[in-house]
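Colleague: Here's a structure for you.
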Amino acid sequence: MSKPTTLSAEQTEALTPDGIMQLAFGYWGYKTLLSAVELKLFGVLSEAGPLNAEELRERLCLHPRSARDFFDALVALGMLDRTDGRYGNTPQTDLFLDPAKLTYVGGVMEMFSVRLYSFWGSLTEALKTGQPQNEVKTGGGGLFEELYADPEKLAVFTAAMSGLSRAAGEAIAAKVPFSDYGSVIDIGCAEGSVPVAIATAHGHLTGGGYDLPPVESIFNSYVAQYGLADRLRFTSGDFFADPLPNADVLIMGHILHDWDLREKRLLLQKAYDALPTGGALIVYEGLIDDERRYNAFGLLMSLNMLIETPGGFDYTGDDCRDWMAETGFSKSYVEHLVGPDSMVVGIK
């Protein structure tokens with residue numbers, strides 16, 4: 001056991017609790033942003049242009065008591081601009097938090113605000129029991145049973161997955177040599193943002209998405225917006241009960257972390273069986289760095305899997321490469337995509 005570091009009086013005097021306190025109060029700013037997204041504040045400003053506090057309050061149907069504090073807090077957080085008493089979006093919030101734009105990433109925040117935020121209040125209990133803290137705790141179904149049984153929840157969830165995955169899809173399109181392949185299918189495709197990004201960048205590709213039957217109309221509607229219905233088709237199925245569809249490239253994005261190790265291995269084996277020799281499996285997540293020290297997003301996402309699932313957990317790139325090698329993939333490599341996301345590419 002290592003001895004604690006002894007600090008000099010000068011070193012102790014130089015220490016401040018600033019970093020601790022910023023993290024401790026971080027959920028205040030986080031929930032302020034979630035509420036703004038839930039209220040469609042950024043969409044209102046994108047449509048109407050800059051508004052004064054009273055105009056914006058009325059459009060959002062807010063009580064007068066704290067509306068101005070709410071708006072000014074968003075200014076202080078860098079989420080709004082204020083000029084001559086009128087509030088407007090920043091360039092970033094106008095592009096990424098206006099629900100009318102295809103670049104919208106707020107879907108995942110909407111899901112966080114209406115269901116996931118409250119579950120995280122039971123993290124301590126989850127750490128002590130190892131049990132999920134979502135709807136299961138109060139007698140409901142599991143994460144996917146709840147989401148896929150309710151069309152409104154499913155629409156929010158699939159939009160959230162687009163917000164989480166769209167940029168990764170664009171990075172995959174740029175980094176993977178798709179000229180070597182003719183077809184690609186996204187397993188657990190949600191709306192289809194990833195195959196749309198790849199097919200948009202590579203006009204020769206065909207393929208589509210694979211998910212449970214309730215997703216079909218959502219996928220078809222999304223793909224049609226991009227004029228890709230002739231190249232991207234939906235295949236319905238249960239990836240535990242049914243074989244995976246055949247394609248030159250299969251993608252699993254934010255999928256493996258939902259499941260325990262036995263189930264992870266099963267999905268990798270099914271992908272291997274569905275690929276031709278020379279085909280590729282792309283697994284992408286907010287991969288935990290191999291030293292488990294730097295990618296806080298990946299580690300916090302693994303805690304989210306504790307909150308949401310019976311056995312899911314996130315993992316490192318080396319973990320995934322080992323599982324792929326055990327499955328039979330001839331080679332694999334890890335490459336960063338965008339933000340906290342990286343991909344593991346396994347070649348059969």
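The values are calculated or read from the model by the stated rules, or taken from the named source; none is laboratory data. Quick caveat: nothing in here was measured; it's all calculated off a predicted structure. Note that we place each Cβ from the backbone using ideal geometry, even for glycine, and neighbour counts take in every protein chain shown. The area values use the complete protein model at the heavy-atom level, side chains included, leaving out ligands, DNA and RNA. Shrake-Rupley method; radii C 1.70, N 1.55, O 1.52, S 1.80 Å.
Colleague: From the set of residues in segment 308-322 that are touching a helix residue (DSSP H, G or I) at 6+ places or on another chain (Cβ under 6 Å) and part of a loop (DSSP other than H, G, I, E, B), which is farthest from Met343 (Cα to Cα)?
Modeller: Pass one, segment 308-322, residues touching a helix residue (DSSP H, G or I) at 6+ places or on another chain (Cβ under 6 Å): 308-309, 312-314.
Filter once more, so that each one left must be part of a loop (DSSP other than H, G, I, E, B): 309, 312-314.
Numbers: Thr309: 22, Gly312: 18, Phe313: 16, Asp314: 13 Å.
Selected residue: Thr309.
Colleague: Going by the conditions given, is Glu152 modelled with pLDDT under 95 and crowded, with 24+ Cβ neighbours inside 10 Å? Break it down into steps so the answer makes sense when it comes.
Modeller: Working: modelled with pLDDT under 95: yes; crowded, with 24+ Cβ neighbours inside 10 Å: no.
Against the criterion (modelled with pLDDT under 95 and crowded, with 24+ Cβ neighbours inside 10 Å), Glu152 does not qualify.
Colleague: For a quick check of your reading of the model, give me the residue pairs whose first member lies in segment 221-241 and is within 11 Å of Cys189 (Cα to Cα), whose second is in a loop (DSSP other than H, G, I, E, B), with beta-carbon atoms closer than 6 Å and at least 6 apart or on different chains.
Modeller: So the pair list comes out as Thr235/Pro245.
Colleague: Here's a follow-up. Which pairs turn up if I take residues in segment 88-102 that are in contact (Cβ under 8 Å) with a residue 40 or more places away in the chain and farther than 14 Å from Ala48 by Cα and look for partners that are among the aromatic types (Phe, Trp, Tyr) and surrounded by 15 or more Cβ atoms within 10 Å (Cβ to Cβ) with beta carbon separation below 7 Å, at least 6 apart in sequence or on another chain?
Modeller: Thr93/Phe42; Leu97/Phe42; Leu97/Tyr104
Colleague: Mind checking which residues of segment 8-22 are assigned to a helix (DSSP H, G or I), loosely packed, with under 10 Cβ neighbours inside 10 Å and not β-branched (Val, Ile, Thr)? I'd like the intermediate steps shown before the answer.
Modeller: In the first step, residues of segment 8-22 are kept if they are assigned to a helix (DSSP H, G or I); the result is 9-14, 18-22.
Then keep just the ones that are loosely packed, with under 10 Cβ neighbours inside 10 Å; that gives 9-10, 12-14, 18-20.
Within segment 8-22, Ala9, Glu10, Glu13, Ala14, Asp18, Gly19 meet the criteria.
Colleague: Out of contact with any Lys or Arg (no Cβ under 6 Å at 6 or more places or on another chain) and in a helix (DSSP H, G or I): which single residue out of Met305, Met343 fits that description?
Modeller: On the way: Met343 fails: in a helix (DSSP H, G or I).
Testing whether each residue is out of contact with any Lys or Arg (no Cβ under 6 Å at 6 or more places or on another chain) and in a helix (DSSP H, G or I) leaves just Met305.
Colleague: Failed condition for Tyr294, given (1) surrounded by fewer than 22 Cβ atoms within 10 Å (Cβ to Cβ); (2) in a strand (DSSP E or B), with all others met?
Modeller: (2)
Colleague: Is it true that some residue in segment 300-317 is open to solvent by 20 Å² or more (accessible area, probe 1.4 Å), modelled with pLDDT of 95 or more and acidic (Asp, Glu)?
Modeller: The answer is no; no qualifying residue exists.
Colleague: Filter segment 26-44 for residues that are farther than 14 Å from Ala76 by Cβ and of a type in the set (Val, Ile, Thr) and give the result.
Modeller: Selection gives Val37, Val44.
Colleague: Here's a follow-up. Which members of segment 212-239 meet the condition of being in contact with a helix residue (DSSP H, G or I) (Cβ under 7 Å, 6 or more places away or on another chain) and within 17 Å of Lys270 (Cβ to Cβ)?
Modeller: Within segment 212-239, Leu212, Ser236, Phe239 meet the criteria.
Colleague: In this structure, is Tyr284 part of a helix (DSSP H, G or I), closer than 23 Å to Ala173 by Cα and in contact with a helix residue (DSSP H, G or I) (Cβ under 7 Å, 6 or more places away or on another chain)?
Modeller: Numbers: part of a helix (DSSP H, G or I): no; closer than 23 Å to Ala173 by Cα: yes; in contact with a helix residue (DSSP H, G or I) (Cβ under 7 Å, 6 or more places away or on another chain): yes.
Answer is no for this residue.
Colleague: Would a scan of segment 166-188 turn up a residue that is aliphatic (A, V, I, L, M), modelled with pLDDT of 95 or more and closer than 20 Å to Leu143 by Cα?
Modeller: Within segment 166-188 (the criterion being aliphatic (A, V, I, L, M), modelled with pLDDT of 95 or more and closer than 20 Å to Leu143 by Cα), the answer is yes, since at least one residue qualifies.
Colleague: Of the residues Glu135, Glu191, which single one is without any contact (Cβ under 8 Å) to a residue 40 or more places away in the chain, over 27 Å from Ala274 (Cα atoms) and not β-branched (Val, Ile, Thr)?
Modeller: On the way: Glu191 fails: over 27 Å from Ala274 (Cα atoms).
Exactly one residue qualifies, and that residue is Glu135.
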